[in-house]
Amino acid sequence: MPIVINGVATEVPPDPRVSLLDLLRERLTMTGTKKGCNQGACGACTVLADGERILSCLALAVQYDGRRITTVEGLSENDTLHPLQQAFVEHDGFQCGYCTPGQICSAIGMVAEANRGAPCHVTADLAEETVVLTREQIRERMSGNLCRCGAHNGIVEAIAATYGDGAS
Ligand code: FES
Ligand code: FES
């Protein structure tokens, strides 16, 4: 079975050592997904696998045979940005933009986790079934995605405006 990347079936490379990140960037020239540390520490390479956020630098492409991968290139529809992409623009959620694809994919995966009621380090009541994405919750749940430009305040505001207690 092929990997389905942004809706397009793609054969896995025969070399089992190829990471999902290198498959995307170097073999498919899909450079939206960024390589920061290449060792699981920065979150720049975050993509979605069947809706779950994963670090593509730590994933072997062959492990995802038959799975559905979404990268930042797969979020917009024609010329219309995904609402979270638009919010990043409106809330100054980036400066250089290098961490941004990972931040956005991670946030979408994070929201799915919160919608399932998954607790995090700042969850006061573990029995709570509904997670309200306060700014504190967003900061904690997004703590695996670093921004060397220090755009974290704008990132949190963009996520809160789209999904959190700041959403209309
Ligand atoms: S490049 Fe994957 S976590 Fe940094
Ligand atoms: S916007 Fe530059 S690293 Fe985040």
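Would you work out what percent of the accessible area of the chain, with all protein chains in place, is carbon or sulfur (probe 1.4 Å)?
49
Summing -39500 (n - 2.57) over the DSSP H runs of n ≥ 4 in the chain and dividing by its residue number, what mean residue ellipticity at 222 nm do you reach, to the nearest 500 deg cm²/dmol?
Details: 4 runs with 43 residues, N = 168.
Mean residue ellipticity at 222 nm (helix-derived): -7500 deg cm²/dmol.
Using the scaling law 2.2 N^0.38 Å as the reference, what is the normalised Cα Rg of the stretch 3-74?
Values: Rg = 10.7 Å, N = 72, 2.2 N^0.38 = 11.2 Å.
Computed over Cα atoms of the stretch 3-74, the ratio equals 0.95.
With each pseudo-label sitting 7 Å past Cα toward Cβ, what's the T31-A124 distance in nm, one decimal?
The two pseudo-label positions are separated by 4.8 nm.
Would you please report the Å³ per residue occupied by the convex hull of the alpha carbon atoms in the chain?
Values: hull volume 19.9 nm³, N = 168.
Convex hull volume per residue, Cα atoms: 118 Å³.
Please check: in the Gaussian network model of the chain (C-alpha springs, under 10 Å), which one of N78, N38, N115 has the largest mean-square fluctuation.
N78
Collect residues whose amide H, placed 1.01 Å from N in the peptide plane, falls under 5 Å from the amide H of L60; neighbours closer than 5 in sequence don't count.
L20
Using the Karplus curve 6.51 cos²θ - 1.76 cosθ + 1.60 with θ = phi - 60°, work out ³J(HN,Hα) for each residue of the stretch 149-159 in order, rounded to whole Hz, and write x for Gly and Pro.
Whole-Hz 3J(HN,Hα) from phi for the stretch 149-159: 7, x, 8, 4, 4, x, 4, 4, 5, 5, 5.
Per residue, how much accessible area does the stretch 1-115 show when a 1.4 Å probe rolls over the protein heavy atoms, in square angstrom?
Details: 5600 Å² over 115 residues.
Ligands and nucleic acids excluded, the result is 49 Å² per residue.
How high is the FRET efficiency between R135 and C96 when r is their beta carbon distance and R₀ equals 30 Å, given to the nearest 0.05?
Values: r = 23 Å, r/R0 = 0.77.
For R0 = 30 Å, the calculated efficiency reads 0.80.
So if R0 is 25 Å, what FRET efficiency would Q63 and N115 give, r being the distance between their Cβ atoms, rounded to the nearest 0.05? Walk me through the intermediate numbers first.
Numbers: r = 25 Å, r/R0 = 1.01.
Efficiency, from the Cβ-Cβ distance: 0.50.
Equivalent-ellipsoid semi-axes (√(5λ), Cα gyration tensor) for the stretch 83-165, whole Å, largest first? Before the final figure, lay out each step's value.
Numbers: eigenvalues 100, 29, 21 Å².
Over the Cα atoms of the stretch 83-165, the ellipsoid semi-axes are 22, 12, 10 Å.
Quick one: putting +1 on the C-beta of Lys and Arg, -1 on the C-beta of Asp and Glu, what dipole do you get for the chain around its Cα centre, in Debye to the nearest 20? Show your work: numbers first, answer last.
Working: 13 positive and 20 negative charges, 107 e Å.
Charge dipole of the chain: 520 debye, to the nearest 20.
The values are calculated or read from the model by the stated rules, or taken from the named source; none is laboratory data. Note that the structure is predicted; figures quoted are calculated from it, not measured. FYI the Cβ positions are ideal-geometry reconstructions off the backbone, even for glycines, and counts take in every protein chain you see. All accessible areas refer to the heavy atoms of the entire protein, side chains included, with ligands and DNA or RNA removed. Shrake-Rupley method; radii C 1.70, N 1.55, O 1.52, S 1.80 Å.
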